[in-house]
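Please read the structure below before turning to the comments.
The values are calculated or read from the model by the stated rules, or taken from the named source; none is laboratory data. Nothing here was measured: the structure is a model prediction, and the numbers come from that model. As a convention, Cβ positions derive from the backbone with ideal geometry for all residues, glycine included, and neighbour counts pool all protein chains shown.
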Amino acid sequence: MSLDPVAIRQQFPALSLSDDGQPRIYFDNPAGTQVPGSVADAMRDCLLHANANLGGPFPSSVAAGRIVDQAHAAMADLLNANSSDEIIFGANMTTLTFQMSRALGQKLSAGDEIIVTELDHDANVSPWLLLARDLGLTVHKIRLDTETFRLDLDHYASLLNDNTRLVCVGHASNLLGTLNDIPRIVEQAHAHDALVFVDAVHSVPHMPVDVQALGCDLLACSPYKFFGPHQGVLWGRHQLLQSIEAYRLRPAPAGVPGRFETGTQSHESMAGTTAAVDYIASLASSGDSRRSRLRQALTEIREYEMQLCRQLLDGLEQIPGLQVYGITGDNLDQRAPTVSFRIGGVAPDDIANALAERNIFAWAGHSYAVEPCRALGILDSGGVLRVGIVHYNDSADVQYLLDALGDIAQKP
Ligand SMILES: Cc1ncc(COP(=O)(O)O)c(C=O)c1O
């Protein structure tokens, strides 16, 4: 393992903040990560030196154009896209998904069928439910097996038919951590000529995400979950994007990806996203290209995070009355290092408050993962307490959390 946690932590100014002498311990990462100094520097530099709209002959506009091109290239490297033209920037994943659902809707009509899941974040459910409502589409939902915390892929196979036009599925669950077998899901969908839209918001910070290997048609993620600024990114196969009409203003670019990048984009966020991608690549110990360094760095990140996840799960197992909602035991390769749980009769909100008193940051509730909380029967009773590990957490953070939870479980 070549990641150096001390050197990594030094790059994140927020990790050295404290409140009333108590250091901040960040386990709220699934809701948004902290950023390295280089990301903030790149955004500042963009605002101070390249603050112009695109397409002008003067230096600030030329510089802004360069920043936009660099950001598309960086995201193409991160996702292993065929070209920068396959990368669409937008406000956030939710907005891009609503936008793409409307655009795709022009290809769909009443009687067509779409498939969503009982495991997904609502950003990959509601846009499609609303589209179905407007167009008279039939919606099916892949069942979540509440014993194994996995999607029931036999149920999925039974839902597919020649009317299926679209399957919308997450790569990793932001609530339970479950990783889905996307290549298998895609293969079965493609056998029926259905498209697959993947929500990769929760996987991109934790592992190499390669759109070629996944085989999907569209994939969305959010740089603020992988050490960048608040922004969304959508990847789509070039040929597919070219075949989709975008809702756009008449003078706006007609080509791909410009036709989908509505209005003036946040160039400073694009600069920050490039810096976040470069930061991740910088963690690799070798590699000839940015793509290969990204793959290597994210493979090392995965290994490091899963060691911490193992430490966390082993510790949680010792706490009386604590129930983990998610994959445990020997199958950790099938999950992300995001762990949700409840402790006996303690309301998840009360656990979050007790942790906050110790300056440990974590979210309670459904985290917009409405479907899995409903399937698990905990939607109306406060959801779960969710702890999300990223590569800037260390073993001391995990131990501090476990000690705090041990206390909370004893004195609810
Ligand atoms: C798995 C998952 N999908 C989608 C979203 C929505 O992303 P955004 O905030 O960029 O709209 C989130 C945000 O928490 C998420 O965790």
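Name the one entry in 342, 335 that is away from the ligand (no atom under 16 Å from the Cβ) and modelled with pLDDT of 95 or more.
One residue alone meets the criteria, 342.
Identify, please: which residue in the range 115-142 is hydrophobic (A, V, I, L, M, F, W, C) and outside any helix (DSSP H, G or I) and is, among those, farthest from the ligand (Cβ to nearest atom)?
So the residue we want is 137.
Go through 81, 63 for me and flag whichever is away from the ligand (no atom under 16 Å from the Cβ) and either assigned to a helix (DSSP H, G or I) or out of contact with any helix residue (DSSP H, G or I) (no Cβ under 7 Å at 6 or more places or on another chain) (or both).
63
Is there any pair linking a residue in the range 148-165 that is under 8 Å from residue 113 (Cβ atoms) to one that is part of a helix (DSSP H, G or I), with Cβ under 8 Å and at least six apart or on different chains, and which?
164/189
So which residues in the range 174-191 are assigned to a helix (DSSP H, G or I) and of a type in the set (A, V, I, L, M)?
Passing the criteria: 182, 185, 186, 189.
Looking only at the range 186-200, which residues are within 17 Å of residue 139 (Cβ to Cβ) and either surrounded by fewer than 23 Cβ atoms within 10 Å (Cβ to Cβ) or within 16 Å of the ligand (Cβ to nearest atom) (or both)?
Within the range 186-200, 192, 194, 195, 196, 197, 199 meet the criteria.
Just the residues that are in a helix (DSSP H, G or I), over 15 Å from residue 25 (Cα atoms) and away from the ligand (no atom under 15 Å from the Cβ), please, taken from the range 362-407.
374, 375, 379, 380, 381, 406, 407
Of everything in the range 214-235 that's under 16 Å from residue 270 (Cβ atoms) and assigned to a loop (DSSP other than H, G, I, E, B), which residue is farthest from the ligand (Cβ to nearest atom)?
Ranking the candidates gives 227 first.
Enumerate the pairs (first residue in the range 208-220 and over 20 Å from residue 305 (Cβ atoms) and assigned by TED's automatic domain parsing to the domain that holds residue 86; second residue anywhere and away from the ligand (no atom under 15 Å from the Cβ) and of a type in the set (Gly, Ala, Ser)) with beta-carbon separation below 8 Å, excluding pairs fewer than 6 apart on the same chain, so at least 6 apart or on different chains.
211/81; 217/236; 218/236; 219/236
Between a residue in the range 353-382 that is in contact (Cβ under 8 Å) with a residue 60 or more places away in the chain and any residue that is surrounded by fewer than 19 Cβ atoms within 10 Å (Cβ to Cβ) and basic (Lys, Arg), which pairs come within a Cβ distance under 6 Å, given they are 6 or more apart or on different chains?
That search, which allows pairs on different chains as well, returns 359/24.
Counting only residues that are small (Gly, Ala, Ser) and closer than 26 Å to residue 401 by Cβ, how many does the range 22-45 have?
The number of residues fulfilling the criteria is 3.
Here are 160, 175, 151, 166: which of them is over 21 Å from residue 207 (Cβ atoms), surrounded by 23 or more Cβ atoms within 10 Å (Cβ to Cβ) and either touching a Cys at 6+ places or on another chain (Cβ under 9 Å) or not assigned by TED's automatic domain parsing to the domain that holds residue 332 (or both)?
Of the residues listed, the single one that is over 21 Å from residue 207 (Cβ atoms), surrounded by 23 or more Cβ atoms within 10 Å (Cβ to Cβ) and either touching a Cys at 6+ places or on another chain (Cβ under 9 Å) or not assigned by TED's automatic domain parsing to the domain that holds residue 332 (or both) is 166.
Can you find a residue in the range 143-151 that is in contact with a His (Cβ under 7 Å, 6 or more places away or on another chain), away from the ligand (no atom under 16 Å from the Cβ) and closer than 24 Å to residue 383 by Cα?
Taking every residue of the range 143-151 in turn, at least one turns out to be in contact with a His (Cβ under 7 Å, 6 or more places away or on another chain), away from the ligand (no atom under 16 Å from the Cβ) and closer than 24 Å to residue 383 by Cα.
Here's a check for you: in the range 16-30, which residue that is buried (at least 17 other Cβ atoms within 10 Å of the Cβ) and out of contact with any Ser or Thr (no Cβ under 7 Å at 6 or more places or on another chain) is nearest to residue 227 (Cα to Cα)?
29
Among all residue pairs at least 6 apart or on different chains, which show Cβ distances below 9 Å where the first residue, located in the range 222-243, is closer than 19 Å to residue 206 by Cβ and the second is among the hydroxyl-bearing types (Ser, Thr, Tyr) and away from the ligand (no atom under 14 Å from the Cβ)?
Going by the 9 Å Cβ cut-off, the qualifying pairs are 227/279; 227/392; 228/274; 228/279.
Residue check, residue 102 against (1) within 16 Å of the ligand (Cβ to nearest atom); (2) surrounded by fewer than 17 Cβ atoms within 10 Å (Cβ to Cβ); (3) closer than 19 Å to residue 273 by Cβ; (4) not β-branched (Val, Ile, Thr), all met but one. Which one?
(3)
Looking at the structure I just gave you, is residue 205 within 16 Å of the ligand (Cβ to nearest atom) and either farther than 30 Å from residue 329 by Cα or not in a loop (DSSP other than H, G, I, E, B) (or both)?
Judged against the criteria, residue 205 is not a match.
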